[in-house]
1. Choose one of A:SER332, B:GLN509, A:GLN446: the residue whose Cα lies farthest towards the positive end of the charge dipole of the protein assembly as shown (beta-carbon charges +1 Lys, Arg; -1 Asp, Glu; about the Cα centre).
2. Rounded to the nearest 5, what % of the DSSP beta bridges within segment B:1-136 are antiparallel ones?
3. With each run of n ≥ 4 DSSP H residues scored as -39500 (n - 2.57), what mean residue ellipticity at 222 nm is computed for chain B after dividing by its residue count and rounding to the nearest 500 deg cm²/dmol?
4. Every other copy gets compared here: list the nm distances from the B:ALA125 label point (7 Å along Cα to Cβ) to its counterparts, shortest first, one decimal.
5. With a/c under 1.5 counting as rounded, go ahead and sort segment A:211-358 into rounded, prolate or oblate using the C-alpha gyration tensor (a ≥ b ≥ c being the square roots of the eigenvalues; past the cut-off, prolate if a/b is larger than b/c, else oblate).
6. Given +1 on the Cβ of Lys and Arg, -1 on the Cβ of Asp and Glu, and no further charges, what dipole in debye does segment B:248-391 carry about its Cα centre, rounded to the nearest 20?
7. For segment B:467-491, list whatever residues lose no less than 10 Å² of accessible surface once every protein chain is in place, relative to that chain by itself, with the probe at 1.4 Å.
8. Suppose accessible area is computed on protein heavy atoms with a 1.4 Å probe; arrange B:GLU505, B:GLU528, A:GLU475 from highest to lowest.
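The values are calculated or read from the model by the stated rules, or taken from the named source; none is laboratory data. All values reported here derive from a predicted model rather than from experimental measurement. Every residue, glycine among them, receives a Cβ derived from its backbone with ideal geometry; neighbour counts consider all protein chains shown. Ligands, DNA and RNA are stripped out before the accessible areas are found, and what is left, the full protein with its side chains, is counted by its heavy atoms. Shrake-Rupley method; radii C 1.70, N 1.55, O 1.52, S 1.80 Å.
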There are 2 protein chains.
Amino acid sequence: MSSKRLIYLPLGGAGEIGMNAYVYGYGAPGKERLILVDIGVTFPDMDGTPGVDLILPDIAWLKARRNQLEAIFITHAHEDHIGALGHLWEELGAPVYARAFTAHLGRQKLADQGAPEKALHTASAWPETVEAGPFSVGFLPISHSIPESSALVIDSPAGRIVHTGDFKLDETPIVGEAFDRKLWEDVARPGVKALVCDSTNVFSPAPGRSEASIGAEIESLIAQQTGMVVATTFASNVARLKTLAQAGERAGRSICLLGRAMRKMIEAAVATGVLGDFPKVVSAEDALDIPREQLMLIVTGSQGERRAASAQLANGKYRGITMKEGDSFLFSSKTIPGNERGVIRIMNQFSEMGVDVIDDNDGLYHVSGHANRPDLDAMHALVKPQMVVPMHGEHRHLRAHVKLAESNKLAGVLAVNGTMVDLAGNAPRVVDHVETGRRYLDGSVQIGALDGIVRDRIRMALNGQLIVTLIIDEEGAPLGEPWCELRGLAETGRSNAPLVDVLEEDLSQFINRAGAKTLRDDDKLEQELKRVARQSAMNEIGKKPEVVVVISRLM
Amino acid sequence: MSSKRLIYLPLGGAGEIGMNAYVYGYGAPGKERLILVDIGVTFPDMDGTPGVDLILPDIAWLKARRNQLEAIFITHAHEDHIGALGHLWEELGAPVYARAFTAHLGRQKLADQGAPEKALHTASAWPETVEAGPFSVGFLPISHSIPESSALVIDSPAGRIVHTGDFKLDETPIVGEAFDRKLWEDVARPGVKALVCDSTNVFSPAPGRSEASIGAEIESLIAQQTGMVVATTFASNVARLKTLAQAGERAGRSICLLGRAMRKMIEAAVATGVLGDFPKVVSAEDALDIPREQLMLIVTGSQGERRAASAQLANGKYRGITMKEGDSFLFSSKTIPGNERGVIRIMNQFSEMGVDVIDDNDGLYHVSGHANRPDLDAMHALVKPQMVVPMHGEHRHLRAHVKLAESNKLAGVLAVNGTMVDLAGNAPRVVDHVETGRRYLDGSVQIGALDGIVRDRIRMALNGQLIVTLIIDEEGAPLGEPWCELRGLAETGRSNAPLVDVLEEDLSQFINRAGAKTLRDDDKLEQELKRVARQSAMNEIGKKPEVVVVISRLM
């Protein structure tokens, strides 16, 4: 028994916010039986991942051990916890467990990628458990910003782990299960070895606020509006959708939900019974016949996403509906860092239409779904674990959370992606580092983050692209002159002559001077043509472009 | 007299934050004598302007009327007000006026671009004035976040305009002139036709705070630190540099300033006498010999800029200095929207080193340089203008500022870039719309924002690039097969064969089927090769790349 390990190994989500994927294992070193908790995605951006569709965790380590993998557990249906399920399931092939709402959405993800829906099993809440090799795993309800979020109670021969998933301590969450202190005390009572705990809001000093705390403000705001009201929030925040819809209904407005994600979430919530008395909604077609002062739209696109309903309304029209002077647009959401530009863009487009934009600057119309610093303290005190393992956070969040645990007299361990920690002893012990990383879904294929493909795209975007073609005849002599094509480069520079002419002239001069030896050697010739072209461009436009050289030899 | 106009025409800064450039004119329609206030830049980003070095206002309208231009006035030395001076002065050729500190930095900008430094004249503060055609212009001191910021008192035969420049109402600004209410009352007394007014902070509901209000907090923070202290702020905020340096000195630390911009600003402040008792500083070389607990660095890079001192320290080393566990790093700054990712990146790098990062989440260590909403109210009340023209703001800021003016019973006008407003009458009157836009400094050349060059870069970054070369022989028949090169594209796709092989095979098949007519017509052939290549890539990797086709015809 003493030689067996209880390992924790984040493959994603530890050292970043997004792409959660945590491995637990129990057994002799290297022979542990494994489970995976969550399998999420991260979203790409133009700065670092232009053209990429989705970012997935690199699960190569786990794939190589798929015969040790007992099961996959999904804590909740946010994309950063479930988004990679469809894309990566075939590589793992293990049974997947989730509660009904999460499972409903997870099955769609499997089906979308041609994976078998029956791999996903609907689990009931704690105290029911799923047996997975040496583990017994229960879904312990916890409040968050999506229905049926669950912590996992992971029992092993070496003790109990509580993996919080994303959470907040909300006793009045509007939709779904309230935080049940008594239930958590019961789980904690037998003793908890490790609390593996969400770190997202460790820098927020005030206690978190309940979803119920913003209803009155939203209601009062909507009651004051005279034109059409449009509100946006995260589509998966079903409680917020209800708060917004009820506020609209009480103001005598018909409610219309717009955006694919919005309809998908409501459909899942209705199908799985998590949504009870949601106000009656009208279709977009019917909305067109309703006087604007009696209408409220609830739309996707709180982050300024270019294709979402909000951005399309800002551009002019969505499903026949247009906004105009006197209407108002409410962001019942926060802007995720990095999305500011997109959000500001649509705010200004609305301003140009004369639409009043109301955002959450004052915290009146949005609350976070994550536990703030005092709530983390409360969680530590409630669970009384032997050790705290901060997860779901950038390095700075994990580090601050370790310090917080230590200030609460609990052992903490800072384990970023790839850090294998043995939790079996009295204190956490780092036992290994495994290679982790990211894979990119790019079009219909997966590429590695370090393959250089995206690096090449970034370089073309920063430096522009020059294509040089040269034909060498049967005798090894240049046939005609080098030919240049430009993309993303200024057409004229210092000399006022076309850049392409200057480049071709400089390359011709080089070719005319080049010896037979250089002309015979493709690598050498390519290298030299690149050098000359880059220098020539530098002189002319102050920029060294990326260069592709194509040498054709006639035989 | 009644046929003469007093025009206001923003060429930059109205409908955006950045790139300020405002034209005023007086005279018969079309024959107005003109002045330009400010000539700033905006900074590029990867999302919309990859590879661009600087964004400049398109001053084509003014250039075409350079014989009507009397002078250029610069309110203060922030880049978004003075940054384009060197790059655009030759196109305008008019005398430039600024106060000493601004002029000092402006002359460097002229010299850097080979423009004559003597074009820049140092102006004294109000009540002295500069005569410029029908205008008499005075530099009226106002507090901001850089020394010697000035509003302009622009007197014309049609009345007085007060152009605020960027400002706050700070009676204890640490460095430079305090806001002098009495002086402003004197300026307002004869009656002001138009207040052209900064709108940046119109959404900030609380009164602005003085630079002096944060000194004690910063001092107390630094006094608590045990390792090396590093602080960053905007290099141009000389008052903040002084606050930080004094706090360090009082904690018994030697002060070292790092970063080119930092040294340039201090040098200008010393040379022009705006900086009196700044603590003694040590060089980077000397700093290496000082025990870290007795050292404080003040560094550039509060926005996470990749080449600044802060980013280099985060990467490991700057001028021989490294940070380590127990040191602390203070952001005495706010993160400008759009810069979040860069700032978060260095925060996490510091966290990995064990460095404690302190940011301004709680508003303890930074104050804004712009007037908040109540301060704008106060300015309206103080100047009592006939009309308010909001400037320096995105559309949403300008719109909110117009509403604020109207709530203060003042006429307001929403004039974005290119909107010509006649201020001569009793109310502002939009009289024309002129074409405006942006130019990009790209390497050493200027390109137009709509030239398609940057669009091509973005497309390459999003879609990848495919180069197809084909040689056609003297008889008009293909010589060999089409040849493909990829950049920024996955190497294999659906079929598991190399993408380049699949593309070449599909293109060869097309060429073999193509009739002589297609092979004779370069345009048609190019178009068809593109189509086939894009479709082939789409099948294989789910992505349609940008395609460059090079057809070489042997003669």
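1. Looking along the dipole axis, the top candidate is A:SER332.
2. Antiparallel: roughly 60 percent of the beta bridges in segment B:1-136.
3. -9000 deg cm²/dmol
4. Ordered by increasing distance: 6.8 nm.
5. In terms of gyration-tensor shape, rounded.
6. For segment B:248-391, the charge dipole is close to 480 debye.
7. B:ILE467, B:THR469, B:ILE471, B:LEU479, B:TRP483, B:GLU485, B:ARG487, B:GLY488, B:LEU489, B:ALA490, B:GLU491
8. So, going from the largest accessible area down, we get A:GLU475, B:GLU505, B:GLU528.
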